[in-house]
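Each remark here refers to the structure printed beneath this line.
The values are calculated or read from the model by the stated rules, or taken from the named source; none is laboratory data. The model shown is predicted, which means the values in this text are computed figures rather than measured ones. Ideal geometry is used to build each Cβ from the backbone, glycine not excepted, and the neighbour counts take in all protein chains shown.
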Amino acid sequence: MSPSTSPSDSSPPSAGPESLDAIIIGTGQAGKPLAGALAKAGWSTVIIERAERVGGTCVVEGCTPTKTMVASARVAHLVRRAADYGVRVGDVSVEMGVVRRRKRDIVESWSSGSRKGMERHETLELVFGSARFSGPHEVTVDLRAGGTRVFAAPKIFINTGTHTFIPPIPGLADVPFLTSTSIMELDVVPEHLVVLGGGYIGLEFGQMFRRFGARVTILEAGPRLLAREDDDVAEEVASILAGEGIDVLTGARVTRVAPAEATDGAPDGVVLEVEGEAGLRRVTGSHLLVSVGRRPNSDLDLDTTGLSADERGFIRVDDRLETPVEGIYALGDVNGGPPFTHVAYDDYRVVRDNLLGSGGASRAGRLVPSTLFIDPPLGRIGWTEAEARRRGRAVRIAKLPMTRVARAVETDETRGLMKAVVDAESGAILGAAILGIEGGEIASALQIAMMGGLPWTTLKDAVFSHPTLTESLNNLFMTLDD
């Protein structure tokens, strides 16, 4: 194949596979930068994308669009609170068409920028279509515009991400439910949004649409929200949501879904049968969001390569991101690691350094932060208290309500708490949950301290600028002196 600087959408005259140095499947946050790095190093490379836009889940339907809409919802929330700050405003209404257009514009800007960045490489070709393995190191692409192309390369990188899981609930297929992608295309505010699932996606959209003006009910099958967090943190999140008028039902297992009928007999929303501790109840809503998890996009005819996915569909890799088949790698969500954009990007760095750098890079032992973008956000790094105790560590717990954080009081953003887990013997910081204004940023400061091996006493006595949120780390760790 001769290198091309523009995407290909038609079949070449050659009947055999086109030989390359590398094939990348997916333009997400690992595939795109890897394609650029390999092309810059002179590798003949093709990158294949089956969606309409490049950028992967993060840019097209995940982080970028959702956080754009979260920002709109926060503005609506703050305007409604204007009187708390001595500011008079009129009635607040939300134009979903404008919110949607702003979201679309930002997604298009990021996606088109990513595409232009790939197209400038002479040894990189972007191909739109659905890829599948047709041999140990051979990939066939069903082109979006019709026809097929076949590529062969000694190095193949899978960066296909995940998709929304639709649970096999009776009747669900008979109602027009929403996913995390389709809900962002609504041009009206739902009268009553029912959210199936109380994880990151469900909580972010639930609060968002409550602030847009919808009534919101969240149904979580587990005994509480955020099963991986400590009880006190999860309870505080539930309290914050309840304080905004969101109904949260835990231990709520949906057994059946059906269309709700209006008085004229026409479908008018959905009705869910829910089993819980109080028995069977019915929940009726105008719209239903299904957000109970995601599944890997590993339907690539892996068996033709000698590969197989695990029982959940994830592709097994070692700490260098290589599969059991030499020369084939899986990066990002599809390999079953923590499902975050920053993890996918770090996967790229590991592979890049091993192929183009000095080698020896590994994902083993990396600290993986996360942020739940409700408002206030929940920043997380390292172990929870429960996890540390399960591992047999003797720990001390530093805990501070946001009502004792000066900057939070000054901005009237006092919901939430700060919690850190430290080793009782060494003083090392093992983990933290920061539920409060700019929680993800404060958790990142703690992550840097953990990466540098700083004990909690160093942060307790550090001189931080006043009044900042980071300064609250002084007060947080002072609680261990009590």
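So which residues in the stretch 79-111 are of a type in the set (A, V, I, L, M), over 27 Å from Asp412 (Cα atoms) and either part of a loop (DSSP other than H, G, I, E, B) or touching a helix residue (DSSP H, G or I) at 6+ places or on another chain (Cβ under 6 Å) (or both), if there are any at all? Even if it seems obvious, please write down each step before you answer.
Step one: of the stretch 79-111, the residues of a type in the set (A, V, I, L, M) are 79, 82-83, 87, 89, 92, 94, 96, 98-99, 106-107.
Subset that is over 27 Å from Asp412 (Cα atoms): 96, 98, 106-107.
Passing the criteria: Ile106, Val107.
When Gly416 is evaluated against the numbered criteria (1) on the phi < 0 side of the Ramachandran plot; (2) crowded, with 16+ Cβ neighbours inside 10 Å; (3) not assigned by TED's automatic domain parsing to the domain that holds Ala83, which criterion, by number, is the only one it fails?
(1)
Select from the stretch 37-78 the residues that are polar (S, T, N, Q) and not in a loop (DSSP other than H, G, I, E, B) and list them in ascending order. First the steps, then the outcome.
Kept after step one, since they are polar (S, T, N, Q), are these residues of the stretch 37-78: 44-45, 57, 64, 66, 68, 72.
Thr45, Thr57, Thr64, Thr66, Thr68, Ser72 - these are the residues of the stretch 37-78 that are polar (S, T, N, Q) and not in a loop (DSSP other than H, G, I, E, B).
In the stretch 389-407, what residues are buried (at least 21 other Cβ atoms within 10 Å of the Cβ) and outside any strand (DSSP E or B)?
Once the filter is applied, which keeps residues that are buried (at least 21 other Cβ atoms within 10 Å of the Cβ) and outside any strand (DSSP E or B), the stretch 389-407 yields Met402, Val405.
Which residues, counting only those in the stretch 214-263, are over 23 Å from Ala433 (Cβ atoms) and in contact with a helix residue (DSSP H, G or I) (Cβ under 8 Å, 6 or more places away or on another chain)?
Val216, Gly245, Val257, Ala258, Pro259
Would you confirm whether any residue within the stretch 346-361 is under 30 Å from Glu471 (Cα atoms) and out of contact with any Pro (no Cβ under 8 Å at 6 or more places or on another chain)? Step through it out loud before you land on a result.
Our first condition is that a residue be under 30 Å from Glu471 (Cα atoms); within the stretch 346-361, this holds for 346.
Still in the running and out of contact with any Pro (no Cβ under 8 Å at 6 or more places or on another chain): 346.
Yes, the conditions are met somewhere in the stretch 346-361.
Looking at the structure I just gave you, is Ala73 under 20 Å from the mean Cα position of the chain (by Cα), crowded, with 20+ Cβ neighbours inside 10 Å and over 23 Å from Pro338 (Cα atoms)? Spell out the reasoning first.
Details: under 20 Å from the mean Cα position of the chain (by Cα): yes; crowded, with 20+ Cβ neighbours inside 10 Å: yes; over 23 Å from Pro338 (Cα atoms): yes.
Yes: the conditions hold for Ala73.
Do we find that Ile448 is assigned to a loop (DSSP other than H, G, I, E, B) and within 24 Å of the chain's Cα centre (by Cα) in this structure?
On the way: assigned to a loop (DSSP other than H, G, I, E, B): no; within 24 Å of the chain's Cα centre (by Cα): yes.
Judged against the criteria, Ile448 is not a match.
State all residues of the stretch 412-458 that are without any contact (Cβ under 8 Å) to a residue 24 or more places away in the chain and touching a helix residue (DSSP H, G or I) at 6+ places or on another chain (Cβ under 8 Å); if no residue qualifies, say none. Lay out the reasoning, then the answer.
The initial filter retains those residues of the stretch 412-458 that are without any contact (Cβ under 8 Å) to a residue 24 or more places away in the chain, namely 414, 448-449, 452, 458.
Thr414, Ala449, Thr458 - these are the residues of the stretch 412-458 that are without any contact (Cβ under 8 Å) to a residue 24 or more places away in the chain and touching a helix residue (DSSP H, G or I) at 6+ places or on another chain (Cβ under 8 Å).
List pairs: first in the stretch 471-482 and free of Cβ contacts under 8 Å to residues at least 24 places away in the same chain, second buried (at least 17 other Cβ atoms within 10 Å of the Cβ) and assigned to a helix (DSSP H, G or I), Cβ under 7 Å, 6+ apart or cross-chain?
Final answer for the pair search is Asn474/Lys460; Met478/Lys460.
Can you list the strands (runs of 3 or more DSSP E) lying wholly within the stretch 272-366 that have 2 or more residues being of a type outside the set (D, E, K, R)? If you could, list the steps in order and put the result at the bottom.
Working: elements: 279-285, 287-290, 294-296, 328-330.
By residue number, 279-285, 287-290, 328-330.
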